[in-house]
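Report on one structure; see the data block that follows.
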Amino acid sequence: MSSFYSPEELKELGLKKIGCSVLISKKASIYSPSTIELGNNVRIDDFCILSGNIKIGNYVHISAYTALYGKGGIVIGDYCGCSPRCTLFSQTDDFSGEYMIGPLVEDEYTNVITKPIIMEKYSQIGANSVVMPGVTIKEGAVAGALSYVVKELEPWTINVGIPTRKIKERSKQLLKLADKREGKNNNV
């Protein structure tokens, strides 16, 4: 018995789009599947939560206990990943004290902030990190473990901390590996 849905079971989930070679744990929770798109070679591990407008590209791994709250939209590009226990919030309450908070309070008393999150190609989020609404993680950027991402991360940088700050540039060697891999797969 597999802990991942079979291809037949995946079709029954009602996802908006599903590519080839997709593995979703039977222990993952998927809400509003009709608004979720998955590319090819995607793996979603145990105890993940996917909710809202989510578009995941090719060769993406969403590690265990990660939550993607996509009310404002989440786009994850090719060759990206979320390490265990990441949380991406594309919507959040205003905690300033000027408004009430929570899903059980009428909208007129709250100030919910809703903005998309975009992870461009080759970007990664480290374990136990949190990404807030409106953040773009530019191509090749990385947020290290335990990071709090509240602003755009520059391309090909390594970022850490609460809130994140750039600590150094990231190597682009993986682009050569990707080109080599793509060329190899096209010759098959």
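Derivation of every value follows stated rules applied to the coordinates shown; laboratory data play no part. If you're wondering where the values come from, they're calculated on a predicted model, not measured in any experiment. FYI the Cβ positions are ideal-geometry reconstructions off the backbone, even for glycines, and counts take in every protein chain you see.
Check the range 136-149 and report whether any residue there is farther than 20 Å from residue 77 by Cβ, surrounded by 17 or more Cβ atoms within 10 Å (Cβ to Cβ) and aliphatic (A, V, I, L, M). Among the residues of the range 136-149, not one is farther than 20 Å from residue 77 by Cβ, surrounded by 17 or more Cβ atoms within 10 Å (Cβ to Cβ) and aliphatic (A, V, I, L, M), which makes the answer no. From (1) crowded, with 19+ Cβ neighbours inside 10 Å; (2) farther than 21 Å from residue 37 by Cα; (3) touching a Pro at 6+ places or on another chain (Cβ under 8 Å), pick out the condition that doesn't hold for residue 120. Against the list (1) crowded, with 19+ Cβ neighbours inside 10 Å; (2) farther than 21 Å from residue 37 by Cα; (3) touching a Pro at 6+ places or on another chain (Cβ under 8 Å), residue 120 comes up short only on (2).
Cβ separations smaller than 8 Å between residues 6+ apart or across chains give the following pairs from the range 127-145 residues that are basic (Lys, Arg) to residues that are buried (at least 23 other Cβ atoms within 10 Å of the Cβ) and assigned to a strand (DSSP E or B): 138/153. I'd like to know if the range 91-114 contains one or more residues that are assigned to a loop (DSSP other than H, G, I, E, B), of a type outside the set (A, V, I, L, M, F, W, C), touching a residue at least 24 places away in the same chain (Cβ under 8 Å) and under 27 Å from residue 137 (Cα atoms). Within the range 91-114 (the criterion being assigned to a loop (DSSP other than H, G, I, E, B), of a type outside the set (A, V, I, L, M, F, W, C), touching a residue at least 24 places away in the same chain (Cβ under 8 Å) and under 27 Å from residue 137 (Cα atoms)), the answer is no, since none of the residues qualifies.
Restricting the range 87-117 to residues that are within 18 Å of residue 163 (Cα to Cα) and among the β-branched types (Val, Ile, Thr), which is surrounded by the most Cβ atoms within 10 Å (Cβ to Cβ)? Among those residues, the one meeting the criterion is 117. The residue of the range 154-188 that is surrounded by the most Cβ atoms within 10 Å (Cβ to Cβ), among those that are more than 24 Å from residue 58 (Cα to Cα) and not basic (Lys, Arg), is 164. Residues of the range 33-48 that are more than 14 Å from the chain's Cα centre (by Cα) and under 14 Å from residue 13 (Cα atoms): 33, 34, 35.
Scanning the range 1-19 for residues that are part of a loop (DSSP other than H, G, I, E, B), within 18 Å of residue 55 (Cα to Cα) and without any contact (Cβ under 8 Å) to a residue 24 or more places away in the chain yields 13, 14, 15, 16.
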